[in-house]
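The values are calculated or read from the model by the stated rules, or taken from the named source; none is laboratory data. Note that the structure is predicted; figures quoted are calculated from it, not measured. Positions of Cβ are generated from backbone atoms using ideal geometry, with glycine treated the same way; all protein chains shown enter the neighbour counts. Heavy atoms of the whole protein, side chains included, go into the accessibility calculation; ligands, DNA and RNA do not. Shrake-Rupley method; radii C 1.70, N 1.55, O 1.52, S 1.80 Å.
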Amino acid sequence: MKILVTVSESVDVDDDFEVSEMAIDERYLTYDLNEWDDYAIEEAVQIGEEIDDVEVVTVTIGPERTEEVIRQALAKGADRAVRVWDDALEEASVLDPATKARLVAAVAREEEPDLVLTGVQSGDYSFGATGVALAAEMDYEWAAVVNNLDLDAEAGVASVHRELEGGVEELSDVELPAVLTIQTGINDPRYASLRGIRQAQSKPLDVKTLGDVGVDADDLRLSLSLSSLYEPETEGEATLLEGGPDETAGELAELLRERGVDA
Amino acid sequence: MTVLAVAEHRRGELREESLELLTVGRQLADALDSELHAAVVSGDVDQYAEDLNREGVDAIHTVDHGEEFNHDVYTQTIEQLVGAADATMVLTPNSVNGLDWAPALAQRLDWPLVTDAVDMDVSDGLTVTRELYGGKVEGAVEVDSDHAVLTVRGGEWPAAGGTGSATVEPFEPDIDEAAIGSTVTGFQEVGAGDVDITESDVLVAVGRGIEEEENLDIIEELADAMGATVAASRPIVDNGWLPKDRQVGQSGKNVSPDVYLAIGISGAVQHVAGMNGSETIIAVNDDPSAPIFDVADYGIVDDLFEVVPELTEQFSG
Ligand SMILES: Cc1cc2nc3c(=O)[nH]c(=O)nc-3n(C[C@H](O)[C@H](O)[C@H](O)COP(=O)(O)OP(=O)(O)OC[C@H]3O[C@@H](n4cnc5c(N)ncnc54)[C@H](O)[C@@H]3O)c2cc1C
């Protein structure tokens, strides 16, 4: 059985930052493995530990910088990785879910996985749509926001819980091949072991251009672009308490007592 | 041309966001010189159609097929309805189910998709406002097409009111049953435990800013001193540091205490959805740009490890 896992970066913005030229300057950004993908990787690796003959392949649409998080995925137990990037993508102000889905699908068509696990969303744009778009692109079945997965590989069915709003879960049976978007909390992602980190260095990481995956740069049809980026004006009128911790805590205690708080 | 608003329901109830869609849908329809149609698929569609018949809705398409949401049925149905109703825009809530079918529809129609819209404008082509980077910045996304599938954030537009005079038109899609590869087998309520945080007047809620499980001690001590109950954001529960029944937010509990003290919580939309009905919201966070300050009444921009022990002291005297 082959499992494809999408791996992307999350972007953390510093407490103090500036927006310029429709982007946040690199120096205010920190990149890490996307939280949701961490759970997707763990889920795939656990399946590989439970049943025989499972290959876990990661796929990333991203520049060379993303190899850092790809190596993290390999260190946690993925077998090999594919990264797709191209100068034509560099120019896009927004990489929309449809485009990402098309590119991942180009890789998936070659790999022919039985199961694709993606994170529910990624950290910068949080579209939350790439996994389901990918399923439609591949003509695979799918389930979004999965927080429990019970795989019957022989029957070719994934029994999942989908986490709906308000503490309700939907129980569904999904026929394979399928794309599942994985929610945080589904498992307990491991830390990479030293041995894992060492092994990751020698695991295959294929880098492909658009041409390599059979996509013509002119056919990208990037339909979304960013026309402005700004710090939102605060809607609320929070009163900020000023001073050192002893002063602010004192003031806050008084406020709380006025509202009836007391042990 | 029409703007098509696809309603959402679950276990016999139309979800409130469906009525908000009608408000933003009407605005779009006016600007585009289009009609506003609503659609409701599965369940007691006649009852839902009655609820959806608000001011400004021109027609309601009812699709009597099955009981509960199934993404294959929704995707197939709406793809056909888009053609039948000459729709150029499809709107649906940015919910877990919305995100389970809208991207598939967009892909099949080959229309652009923009999720989680908080504002939109069509005066010069379609531009959709969204939050980025966990709500720290906002951006306008330009859509290079006359067609789009849009998922709409809840609570950003008021629910449509009044009584409408929409025509109710049953629509019978041609459903390819063989292409339905997922089956809903049931529902399960989660998060019932021994503590009911919705009953507490004062909540001390802790987030990822606490960093380590051991550090939860200072939060427990503060809650004890204040006579409050401890609640949490999702990562604390995902890590297994506190049980699920303490989680506040979209997929946790909806709370409205007299006082909600958020400590080391950024204020992600899914968290805020569960606590913005609180009487007084106070945030302690060392990041002045954290979105939690947008919903807070009072804030302390400082290190929680400095502020929390001081505050505990204030209540232990
Ligand atoms: C489908 C879906 C459903 C979800 N449901 C929920 C839900 O029900 N509830 C929920 O909470 N989330 C939910 N989430 C997750 C949500 O998107 C956020 O990831 C989550 O709320 C973040 O939690 P946090 O604020 O504790 O962590 P972070 O966003 O990491 O914020 C930590 C904050 O702590 C501050 N901080 C760090 N150190 C200190 C310090 N020393 N002193 C003071 N401040 C400090 C930081 O400035 C930061 O603002 C859901 C997500 C999805 C996709």
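Worth a mention:
- Residue match in the stretch B:123-130 (condition: within 7 Å of another protein chain (Cβ to nearest Cβ) and closer than 21 Å to B:Ala31 by Cβ): yes
- Against the conditions (1) touching a Phe, Trp or Tyr at 6+ places or on another chain (Cβ under 6 Å); (2) without any contact (Cβ under 8 Å) to a residue 40 or more places away in the chain, A:Glu175 satisfies every one except (1).
- Subset of the stretch B:226-238 (residues that are within 8 Å of chain A (Cβ to nearest Cβ), within 12 Å of the ligand (Cβ to nearest atom) and either of a type in the set (Lys, Arg) or part of a loop (DSSP other than H, G, I, E, B) (or both)): B:Arg234
- Of all residues in the stretch B:121-135, those satisfying the criterion of being farther than 15 Å from A:Pro232 by Cα and outside any loop (DSSP other than H, G, I, E, B) are B:Asp121, B:Ser123, B:Gly125, B:Leu126, B:Thr127.
- So B:Val149, is it of a type outside the set (S, T, N, Q), in a loop (DSSP other than H, G, I, E, B) and within 12 Å of chain A (Cβ to nearest Cβ): no
- Count of the stretch A:113-143 residues which are surrounded by 23 or more Cβ atoms within 10 Å (Cβ to Cβ), farther than 20 Å from B:Asp110 by Cα and facing chain B (nearest Cβ under 7 Å): 2
- Of all residues in the stretch B:1-15, those satisfying the criterion of being within 23 Å of the chain's Cα centre (by Cα) and over 19 Å from A:Glu170 (Cβ atoms) are B:Val3, B:Leu4, B:Ala5.
- Scanning the stretch A:212-244 for residues that are open to solvent by 80 Å² or more (accessible area, probe 1.4 Å) and touching a helix residue (DSSP H, G or I) at 6+ places or on another chain (Cβ under 6 Å) yields A:Thr234, A:Glu235.
- Which listed residue, of B:His61, B:His37, B:His65, is open to solvent by 10 Å² or more (accessible area, probe 1.4 Å), in contact with a Phe, Trp or Tyr (Cβ under 8 Å, 6 or more places away or on another chain) and either away from chain A (no Cβ under 14 Å) or closer than 17 Å to A:Trp142 by Cβ (or both): B:His61
- Whichever residue in the stretch B:265-301 is among the charged types (D, E, K, R), more than 9 Å from the ligand (Cβ to nearest atom) and modelled with pLDDT of 95 or more and, among such residues, is least open to solvent (accessible area, probe 1.4 Å): B:Asp297
- Test: A:Val82 is away from every other protein chain (no Cβ under 14 Å), of a type in the set (A, V, I, L, M), touching a residue at least 60 places away in the same chain (Cβ under 8 Å) and under 20 Å from A:Ile186 (Cα atoms): no
- Wholly enclosed helices (runs of 4 or more DSSP H) of the stretch B:41-109 bearing at least 3 residues under 17 Å from A:Val145 (Cβ atoms): B:71-84, B:98-109
- Identity of the residue in the stretch B:239-250, touching a strand residue (DSSP E or B) at 6+ places or on another chain (Cβ under 8 Å) and in a helix (DSSP H, G or I), that ends up most open to solvent (accessible area, probe 1.4 Å): B:Arg246
- Residue within the stretch A:147-162 that is facing another protein chain (nearest Cβ under 8 Å), outside any loop (DSSP other than H, G, I, E, B) and surrounded by 21 or more Cβ atoms within 10 Å (Cβ to Cβ) present: yes
- Hey, B:Ser256 near the ligand (Cβ under 8 Å from one of its atoms) and either at pLDDT 95 or above or not assigned by TED's automatic domain parsing to the domain that holds B:Val307 (or both) or not: no
- Residue ID - farthest from the ligand (Cβ to nearest atom), chosen from residues in the stretch B:206-225 that are without any contact (Cβ under 8 Å) to a residue 40 or more places away in the chain and not in a loop (DSSP other than H, G, I, E, B): B:Asp224
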